[in-house]
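Take a look at the structure below.
The values are calculated or read from the model by the stated rules, or taken from the named source; none is laboratory data. These numbers come from a predicted model, not from an experiment. Cβ atoms come from the backbone with ideal geometry, glycine included; neighbour counts cover every protein chain shown. Protein only, heavy atoms only, side chains kept; ligands, DNA and RNA dropped before computing areas. Shrake-Rupley method; radii C 1.70, N 1.55, O 1.52, S 1.80 Å.
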Amino acid sequence: MTHCRRITLATKGARAIIAMCLLATFAYGATAQSAPYKFDAGAQIGISGYIGEANGSNIFKHPGFDGELSLRYIADTRWAIRGVLSTFGLSGNTSEVNNVLPGNASYSFTSQILDLSVRGEFNFFAYGIGETYKRLRRWTPYLTLGVGAGLALTGGKVYAAPIIPMGLGVKYKIATRWNIGAEFTMTKSFSDHFDGANLADLNLIKTAFYKNTDWYSRLTIGVSYEFGERCETCHYVD
């Protein structure tokens, strides 16, 4: 039952983020304006965590180091499309959870993940600086949702699978082109092998492609720089 509760918590969190993304899309109005720059390149660092058969409900009980590079296309002051390349570690140990495996088996793992995704990004506020006629704000919370692929190296083997990253964050414009931010993401992997062995087999339970139990999360901080000036006929800059 503990295992079921862990997966239910992850699923509920994912559903909440997806629901917020959908609400944000429907709530989007005419407040968006073109942004002065087309692109944004950045780097992020933080911690990673795993939830599944070999870890409890504390996602960051065994934190790993996460490093990311990102490139964002800025559609306007409210919407962006962002590509993210990440590498990070995951680990867990079945001896620390309440589940008892058949034959009192125990299992621990470490994995190195390479993650590539493309995400849509929605800002709650029109994001920018120095153009008061656009009612811009120097900070905004945002939601993100996307698709991608993950590659796990563990136990001398490599596993690949599609992934769905979803998350929320906040960013602040410290200068015209420079931004800082923090972000939390949860990622659904369509594989039961990112924790090394298929622990569903240890539980003697068959899992389908879409019913696996491997999730991972990341908490990051980062900085980015905007470039690719967009030409406009009207720019009233204070």
(request) Quick one: accessible surface of ARG138, probe radius 1.4 Å, all protein chains present, in square angstrom to the nearest 10. (result) 100 Å²
(request) Report the accessible area of TYR73, computed with a 1.4 Å probe over the heavy atoms of all protein chains in place, in Å² rounded to the nearest 10. (result) 100 Å²
(request) Between beta-carbons, use under 13 Å as the cut-off and find the net charge around VAL223, counting Lys and Arg +1, Asp and Glu -1. (result) 0
(request) Pull out a ≥ b ≥ c, the square roots of the eigenvalues of the alpha-carbon gyration tensor of the range 134-194, then state rounded if a/c is under 1.5, prolate if not and a/b is larger than b/c, and oblate in the remaining case. (result) prolate
